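The values are calculated or read from the model by the stated rules, or taken from the named source; none is laboratory data. Because the structure is predicted, anything quoted here is derived from the model rather than measured. Note that each Cβ is placed from the backbone with ideal geometry, even for glycine, and that neighbours are counted across all protein chains shown.
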Amino acid sequence: MNGRKFPKIMYGGDYNPEQFPREIWDEDMRLFRLAGIDIATLNVFSWALNQPDEETYRFDWLDEIMNKLHENGIRVCLGTSTAAHPAWMAHKYPDVLTVGYDGRQRKFGRRHNSCPNSPTFRRYAGLMARKLAERYKDHPALLLWHVNNEIGIRCYCGNCEKAFREWLKKRYGALEELNRAWYTRFWGHTFYDWEEIVLPSGLSEGLSGGNSDQTAFQGITLDYYRFNSDSWLECYLIESSAIKEIIPDAVVTTNFQGNGTYKPLDYFKWAAHLDIVALDIYPENHTPESYMAMRYDLMRGLKDGAPFMLMEQSPGVINWKPVNPLKRPGVMRLRSYQAVARGAESVMFFQLRRSLGAYEKFHGAVIDHAGHEHTRVFRECAELGGELRHLGDLLPDSRVTSKVGILFDWDNWWAVELGGGPSAHLKYLDQVQKYYDAFYENGIQVDFIHVGTDLASYDLVVAPVLYMVKPGFAGKLERFVRGGGTFVTTFYSGIANESDLVTPGGYPGELRRLLGIWVEEIDALFPEQKNAIVMKGKLGQLQGSYDCGLICEVVHLEGAEALAEFGKEFYRGRPALTRHRFGKGQAWYAATDPSRDFMRQWIKGLCEDKGISPTLAAPPGVEAVCREKDGIRCQFILNHTDHPQKIDIGEREQRDLLTGALLSGEAELPPKGILILQA
Ligand code: GLA
Ligand code: ZN
């Protein structure tokens with residue numbers, strides 16, 4: 001592949017031909033062509049097939065299928081097959097087996113089953129990647145590489161423990177530094193030798209049940225989480241560098257799991273090492289559209305706005321929930337375009353042909369057990385395949401731009417939820433989603449940013465629950481606001497530093513000057529409990545009283561003004577929403593968790609103040625997003641509802657790229673309908 005740009009929105013998915021006899025393969029090719037499929041991910045779980053014992057490698061099946069795909073014009077996303085180790089390896093080298101949080105070593109079984117610090121796993125995974133690269137470096141079907149699969153299990157074995165100590169030595173240099181960062185004088189934990197340090201498992205710092213977040217020492221667990229993410233990144237790099245030694249311009253990736261918000265891996269840190277970000281997403285029928293939208297925007301944000309791959313979604317059902325309803329007609333197509341609208345360069349499925357046995361035999365696939373093309377799911381897949389072919393090279397490498405940046409930070413996520421805080425119901429993702437939703441409901445495009453992002457191109461920066469303030473970040477925010485930017489943050493912010501040590505002198509610590517407030521106390525409300533945000537006057541369309549809950553803080557003004565106050569409790573009349581004019585800009589603070597209604601109006605007002613407007617005035621349930629490149633702007637309009645929707649697309653004629661029709665003025669979108677307008 002030349003560069004990183006795909007020739008079109010690539011269409012296909014995971015293909016496991018090794019599970020089927022050869023006769024089926026030719027039929028698969030016919031069906032793939034019929035469905036407009038042009039990419040297949042191969043070799044994801046075939047380590048045991050490729051390497052029957054320690055010395056033997058055999059790739060004849062892979063040669064054959066790669067050639068066949070090539071003959072049929074289908075490109076290959078080549079897995080490295082290291083996502084499940086062979087049984088012989090576990091038998092001979094038990095160090096590949098992981099140890100759980102409960103301290104028990106697992107036996108051979110399942111997949112995603114290797115310890116990231118197992119010398120055996122690292123050696124053989126690297127070797128496999130090299131052998132594959134040597135063999136297929138000139139293969140014309142090869143488009144990109146897929147390392148391992150849904151990486152990220154946590155392991156608590158002896159090798160991980162040893163590696164953890166080495167990781168800590170690098171981070172802290174001296175034990176005194178570590179003792180300081182971990183606050184080890186608490187509960188008599190002072191360490192005098194690196195060898196005394198053990199992993200924070202259920203056998204050591206774990207407080208209750210199997211939840212590793214419930215820890216006696218947040219600092220230790222936080223470092224373990226960082227270490228585990230880094231250990232896996234090292235494994236990824238072992239494979240990807242083995243490939244790149246042979247094929248310097250190889251495009252290498254791995255598929256991100258947990259719908260992109262997978263807690264154990266710091267995907268921002270990872271993305272820097274990937275050539276393109278790739279996402280697996282498995283929403284349920286009732287999953288709100290903004291849930292997916294947020295994850296797509298986050299995937300785009302991981303590499304500062306670069307497009308990403310939709311590596312896996314189900315064309316139909318999933319099989320791993322207690323109840324697995326069918327994806328309704330039109331939904332797969334609509335959701336695929338939602339991903340494309342927000343930056344996806346591929347639409348790919350798990351899986352192309354349905355397995356006949358074992359765990360995933362009832363997971364949706366393009367080709368069902370019936371084995372032919374006369375199914376609803378196949379027909380829907382083929383229609384979409386035809387459309388994506390028709391769209392050609394217009395979309396790849398186009399960008400979604402925004403004046404709003406929402407901060408997302410894995411370290412902060414970990415720290416917020418590492419037990420001992422005001423409420424176990426306070427979840428970082430919920431808060432980020434809530435702020436995201438307020439923009440989504442107003443039709444405003446946002447970017448996800450990290451603490452290293454240059455804020456110069458943003459007018460509005462939002463950092464929900466910025467509990468952990470990393471070195472230099474408070475100063476960066478001050479410069480941003482001083483220069484005219486608007487900054488928004490919430491309760492439980494500015495509390496701690498990178499080591500989860502509280503910043504003394506009053507909350508919100510390092511953000512106190514910028515926000516112009518001092519938070520004296522933090523009250524937690526039970527889920528059914530509410531307080532009220534009472535507006536002190538009219539703020540945009542906000543007036544009167546709104547529900548709030550979860551957290552209510554007791555705030556003193558130190559330069560900020562209160563725009564709303566609490567309606568109940570002993571802190572009734574104290575600030576609930578504050579604004580601090582700072583330099584040319586403003587810093588806002590929500591001292592509680594407001595109702596959605598409040599959020600929508602508040603964020604709308606903030607955007608209007610900054611001249612940030614939606615790409616289209618769309619009714620609820622209709623999503624509008626723009627992708628642009630070379631001055632060409634494609635506007636996606638997606639009707640997520642089950643009713644026809646009318647929208648006003650303006651006076652100017654625009655071409656609908658799907659039908660070729662020229663449209664202007666009022667247009668009607670059928671239920672689940674899509675327009676892609678080129679202006
Ligand atoms: C994940 C995996 C796939 C498959 C699907 C099923 O995304 O990567 O191998 O198991 O889940 O939904
Ligand atoms: Zn381990």
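Please tell me if GLU166 is surrounded by fewer than 15 Cβ atoms within 10 Å (Cβ to Cβ), in a helix (DSSP H, G or I) and away from ligand 1 (no atom under 16 Å from the Cβ). The answer is yes for GLU166. Among residues of segment 200-225 that are more than 17 Å from CYS157 (Cβ to Cβ) and free of Cβ contacts under 8 Å to residues at least 24 places away in the same chain, those with a beta-carbon under 6 Å from a residue that is surrounded by fewer than 24 Cβ atoms within 10 Å (Cβ to Cβ) and of a type outside the set (Phe, Trp, Tyr) at least six positions away or on a different chain give the pairs SER208/GLN214.
The one condition from (1) of a type in the set (Gly, Ala, Ser); (2) in a loop (DSSP other than H, G, I, E, B); (3) surrounded by 16 or more Cβ atoms within 10 Å (Cβ to Cβ); (4) modelled with pLDDT of 95 or more that GLY421 does not meet is (4). So is MET309 farther than 22 Å from TRP410 by Cα and in contact with an Asp or Glu (Cβ under 9 Å, 6 or more places away or on another chain) or not? So MET309 does not fit the description; no.
Within segment 40-83, the set of residues being of a type in the set (Gly, Ala, Ser), in a loop (DSSP other than H, G, I, E, B) and either free of Cβ contacts under 8 Å to residues at least 60 places away in the same chain or touching a strand residue (DSSP E or B) at 6+ places or on another chain (Cβ under 6 Å) (or both) comprises SER46, GLY73, SER81. In the condition set (1) closer than 30 Å to ILE220 by Cα; (2) within 23 Å of the chain's Cα centre (by Cα); (3) not polar (S, T, N, Q), GLY421 is compliant with all but (2). Every listed requirement among (1) within 15 Å of ligand 2 (Cβ to nearest atom); (2) not in a loop (DSSP other than H, G, I, E, B) is met by ASP102 save one, (2). Considering only residues in segment 85-104 that are under 21 Å from TYR57 (Cα atoms) and among the aliphatic types (A, V, I, L, M), the one that is surrounded by the fewest Cβ atoms within 10 Å (Cβ to Cβ) turns out to be ALA87.
The condition (being at pLDDT 95 or above, farther than 17 Å from VAL147 by Cβ, more than 16 Å from ligand 1 (Cβ to nearest atom) and surrounded by fewer than 15 Cβ atoms within 10 Å (Cβ to Cβ)) is satisfied by just one residue among LYS68, LYS107: LYS107.
Tell me which residues, restricted to segment 311-366, are of a type in the set (A, V, I, L, M) and in contact with a strand residue (DSSP E or B) (Cβ under 9 Å, 6 or more places away or on another chain). Outline the logic, then answer.
Of all residues in segment 311-366, those of a type in the set (A, V, I, L, M) come to 311, 317-318, 323, 326, 331-332, 334, 339-341, 344, 347-348, 352, 356, 358, 365-366.
Those that are of a type in the set (A, V, I, L, M) and in contact with a strand residue (DSSP E or B) (Cβ under 9 Å, 6 or more places away or on another chain): MET311, MET332, LEU334, ALA339, VAL340, ALA341, ALA344, VAL347, MET348, LEU352, ALA365, VAL366.
Can you tell me how many residues in segment 225-251 are of a type in the set (Val, Ile, Thr) and outside any loop (DSSP other than H, G, I, E, B)?
Step one: filter segment 225-251 for residues of a type in the set (Val, Ile, Thr), giving 238, 243, 246-247, 251.
In the following step, the residues that additionally are outside any loop (DSSP other than H, G, I, E, B) were identified as 238, 243, 246.
Looking only at that region, the number is 3.
For segment 629-658, filtered to residues that are among the hydrophobic types (A, V, I, L, M, F, W, C) and either part of a strand (DSSP E or B) or closer than 21 Å to HIS390 by Cα (or both), the residue that is farthest from the chain's Cα centre (by Cα) is ILE647.
For the structure I just gave you, tell me whether VAL331 is touching a residue at least 24 places away in the same chain (Cβ under 8 Å), touching a Lys or Arg at 6+ places or on another chain (Cβ under 7 Å), in the same structural domain as GLY13 (by TED's automatic domain parsing) and closer than 17 Å to GLU289 by Cβ. When the stated conditions are applied, VAL331 passes them. Restricting ARG154, ARG75, ARG130, ARG123 to residues that are within 15 Å of ligand 2 (Cβ to nearest atom), more than 30 Å from THR215 (Cβ to Cβ) and not assigned by TED's automatic domain parsing to the domain that holds PHE350 narrows the list to ARG123.
Matching residues to (1) in a helix (DSSP H, G or I); (2) under 30 Å from the mean Cα position of the chain (by Cα); (3) crowded, with 21+ Cβ neighbours inside 10 Å:
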site	(1), (2), (3)
GLY549	no, yes, no
LEU563	no, no, no
TYR571	no, no, no
ALA576	no, no, yes
ALA587	no, yes, yes
ASP597	yes, yes, no
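One residue stands out among those in segment 112-127 that are surrounded by 15 or more Cβ atoms within 10 Å (Cβ to Cβ) and within 17 Å of PRO52 (Cα to Cα): the one that is nearest to ligand 1 (Cβ to nearest atom), which is ALA125. Name, by its number, the condition in (1) buried (at least 23 other Cβ atoms within 10 Å of the Cβ); (2) more than 16 Å from ligand 2 (Cβ to nearest atom) that does not hold for THR82. Condition (2) is where THR82 drops out. Pairing each residue of segment 340-368 that is within 17 Å of CYS381 (Cβ to Cβ) with any residue that is within 16 Å of ligand 2 (Cβ to nearest atom), provided the two are 6+ apart or on different chains, yields no C-beta distance under 6 Å.
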